[in-house]
Amino acid sequence: MSKQQTPQRPAQRPRGTQDMIGETAARFDHVVETFNRVRKLYGFGRIEVPVFEATAVFSRGLGETTDVVSKEMYSFEDRGGDSLTLRPEFTAGIARAYIENGWQQLAPLKVATWGPLFRYERPQKGRFRQFHQLDAEVIGAAEPAADVEVIALAQQLLNELGVAGDVVLQLNTLGDAATRSAWREALVAHFSSHRDVLSPESLERLVKNPLRILDSKAESDRALVADAPRIDAFMTSEAGAFFEAVQKGLQASGVNFVRAESLVRGFDYYRHTAFEFVTKALGAQGTVIGGGRYDGLIGAMGGPETAAVGWAGGIERLAMLVAPKE
């Protein structure tokens, strides 16, 4: 009697990924097509960078202590022994390309792209391990007008998608190097005096990246974050003037915003302007577009000191917003 074979389990997609067809794919296409139309109106040319890079591009560019680098990257060693990483975001790869190809001669460079990104995160509504983002960058422009332009581009995209009414622009400044250093010291002193009530994650961030504690969602951290020192108390006159110029530029462009004093960005390369377009329509994953100025990145990666500003937006999240309301 022949031994009965156990039927093989049908193949399944990896956790945190998705298959798209029909209306879901149509909404995805609509977001991308609208983005391409709007970025052309603003003079942003198409750029393409590899889906994988040397791991050092991200660890050096994003910062070793960031959650993405320390916990979320898909890294592997190829047959030649090189450590490679599937891109978790666009900006570091674009900065690498800018340095390697000598694109300084093209500055100010206005570029945009979209495509898949990869992070090992806990999957939930609006958050995947393979996801897709839109990306827009202005490299080589130090003026506040560049910040205003990229934010206005994002606002125009939301307007044309018909979702602007569901989204609020939150704006903050991370100041210049002197501002950030003084603010960081004050935050460390503040949170260190309350170690006994900080969440485990914030205790870890206190050592590695204390500004990120301001982004904590832990209940035990909320009162401490509310009482934390604000950056305005440490602002240099130069940093204050830059932020004021950005705000006036947005007002002149008809872009509404609210000041969010505890808003920080997750990567080490941000300076001055930081912003997020947020919605309450997607639950916990409320940020649909986020970005800011990253004047420190290209220099940190071995290139010339170069001013830059940009943003990324989640295609899946934007597509959920344009879905028919139930």
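Here is the link list: Lys248/Lys280; Lys125/Lys208; Lys71/Lys125; Lys40/Lys208. Which ones come out longer than 31 Å on Cα distance?
Lys40/Lys208
When the expected Rg is taken as 2.2 N^0.38 Å, what fraction or multiple of it is the alpha-carbon Rg of region 201-291?
On the way: Rg = 14.6 Å, N = 91, 2.2 N^0.38 = 12.2 Å.
The value comes to 1.20.
Stokes-Einstein at 37 °C, 0.692 mPa s, Kirkwood radius from Cα pairs: D for the chain in µm² s⁻¹? Write down the numbers at each step before the final one.
On the way: Rh = 21.0 Å.
D, rounded to a whole number, is 156 µm²/s.
Kindly put Lys110, Lys208 in sequence by how many other C-beta atoms sit within 10 Å of each C-beta, fewest to most. Display every interim value, and only then the final one.
Values: Lys110 23, Lys208 13.
Lowest count first: Lys208, Lys110.
Can you tell me how region 169-326 classifies by the Cα gyration tensor, rounded, prolate or oblate, using a/c under 1.5 as the rounded cut?
Since a/c reaches 1.5 but b/c is at least a/b, the shape of region 169-326 is classed as oblate.
Would you mind telling me which residue in Gly102, Gly286, Gly93 has the biggest mean-square fluctuation in a Gaussian network model of the chain, where springs connect alpha carbons within a distance under 10 angstrom?
Result: Gly102 has the largest fluctuation of those listed.
Pick from Met73, Met301, Met20: which residue has the top mean-square fluctuation in a GNM of the chain where Cα pairs under 10 Å get a spring?
Highest fluctuation of the listed residues: Met20.
When the chain is modelled as a GNM with alpha-carbon springs shorter than 10 Å, which of Ala95, Ala308, Ala284 fluctuates the most?
Ranking Ala95, Ala308, Ala284 by mean-square fluctuation puts Ala284 first.
Using a simple spin-label model with points 7 Å from Cα along the Cα→Cβ vector, what separation in nm is obtained for Tyr42 and His190?
It is 3.1 nm.
Please arrange Asp135, Asp82, Asp295 by counting, for each residue, the other beta carbons lying within 10 Å of its beta carbon, fewest first. Write out the running numbers ahead of the final one.
Values: Asp135 25, Asp82 11, Asp295 18.
Ordered from fewest to most neighbouring Cβ atoms within 10 Å, Asp135, Asp82, Asp295 come out as Asp82, Asp295, Asp135.
Sorted by packing (mean other beta-carbon atoms within 10 Å per residue), highest first, where do 193-202, 245-254 land? Mind showing how you got there, number by number?
Values: 193-202: 13.6, 245-254: 15.3.
Listed from highest to lowest mean packing, they are 245-254, 193-202.
Report the relative contact order of the chain, percent, no decimals, based on alpha-carbon pairs under 8 angstrom and at least 6 residues apart.
Relative contact order, the chain: 23 percent.
Which value at 222 nm does the chain reach when only helices count, each DSSP H run of 4 or more adding -39,500 (n - 2.57), with the total divided by all residues and rounded to the nearest 500 deg cm²/dmol?
It lands at -10500 deg cm²/dmol.
Work out, step by step, the length gained on full extension between Leu203 and Val32: first 0.36 nm times the residue separation, then minus their alpha carbon distance; give nm to one decimal.
Taking 0.36 nm per residue and subtracting the Cα distance, the gain is 57.6 nm.
log10 I(q)/I(0), Debye, Cα-only region 64-165, no solvent, q = 0.11, 0.14 Å⁻¹?
Log-scaled intensity ratios, in q order: -0.48, -0.76.
If we count every other residue with Cβ under 13 angstrom of Ala189's Cβ, Lys/Arg +1 and Asp/Glu -1, where does the sum land?
Neighbourhood net charge equals 0.
At a temperature of 4 °C and a viscosity of 1.567 mPa s, determine how fast region 26-84 diffuses translationally according to Stokes-Einstein, using the Kirkwood radius over alpha-carbon pairs as Rh; express D in µm²/s, rounded to the nearest whole number. Don't jump to the answer; show the numbers that get you there.
Details: Rh = 14.4 Å.
Here the translational diffusion coefficient equals 90 µm²/s.
Any read-out appearing in this document is the output of simple, stated calculations on the displayed coordinates, not a laboratory observation. Quick caveat: nothing in here was measured; it's all calculated off a predicted structure. Virtual Cβ from ideal backbone geometry, glycine too; neighbours counted across all protein chains shown.
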